[in-house]
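For reference, the structure discussed in these notes is given below.
The values are calculated or read from the model by the stated rules, or taken from the named source; none is laboratory data. Remember, predicted model here, so these are calculated numbers, not experimental data. Don't worry about glycine lacking a Cβ; one is built from the backbone with ideal geometry, like all the others, and counts go over all protein chains shown.
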Amino acid sequence: MRSAVTETGSAEETAALAADLARELTPGDVVLVSGDLGAGKSTFVRGALRELGVTGPVTSPTFTISRRYHAGGRDLSHLDLYRLGDLAAEDPSLLEDEVGGERIAFVEWPEVGDAWAEEHGRVAARVTLEHAGGDRRVVTVERP
Ligand SMILES: Nc1ncnc2c1ncn2[C@@H]1O[C@H](COP(=O)(O)OP(=O)(O)OP(=O)(O)O)[C@@H](O)[C@H]1O
Ligand SMILES: [Mg+2]
């Protein structure tokens, strides 16, 4: 396990850190992104997706659970399990194609999914963002 801890001072710095990680990802990878409300999870995922070639808007998929992208010949997805609730219990196949296979997936609130993302994809990194006052965030990237 490699663990890197970086303190960022702006959303741009957090996005740049995400871009560094994105360059190392390969098809089938899953990145789990944890942290409190407003810690910068979506900012991090946006930075990674930009690096992977997504040019359009990247907005938080809180209400849709998942958004898919295709860029640079790759299938990508951005999940936010915050409101997953009973949805998956009702329909376990709901997220089946969103993680795994050749897709590179980024998952916000992975803990709400009760290890679902870990079971369906190969975890390439666990990212944790913590508020550190004002615009400062402590970003921990753990790679198995
Ligand atoms: N160092 C920083 N890193 C990341 N975001 C920052 C930083 N400083 C300020 N911000 C701001 O904090 C906010 C983070 O919002 P973001 O939507 O990325 O958080 P989130 O963790 O996805 O929240 P949610 O739990 O609601 O999904 C943005 O408005 C961003 O500009
Ligand atoms: Mg978010």
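Restricting the stretch 61-83 to residues that are more than 15 Å from L25 (Cβ to Cβ) and of a type in the set (S, T, N, Q), the residue that is modelled with the highest pLDDT is S66.
Among the residues of the stretch 4-25, is any hydroxyl-bearing (S, T, Y) and closer than 25 Å to E119 by Cα? Give the steps one after another, and end with the answer.
First, pick out the residues of the stretch 4-25 that are hydroxyl-bearing (S, T, Y): 6, 8, 10, 14.
Retained after the next criterion (residues that are closer than 25 Å to E119 by Cα): none.
Checked against the condition, which is being hydroxyl-bearing (S, T, Y) and closer than 25 Å to E119 by Cα, the stretch 4-25 yields no hits at all.
Scanning the stretch 84-114 for residues that are modelled with pLDDT of 90 or more, under 21 Å from G38 (Cα atoms) and surrounded by 14 or more Cβ atoms within 10 Å (Cβ to Cβ) yields a count of 6.
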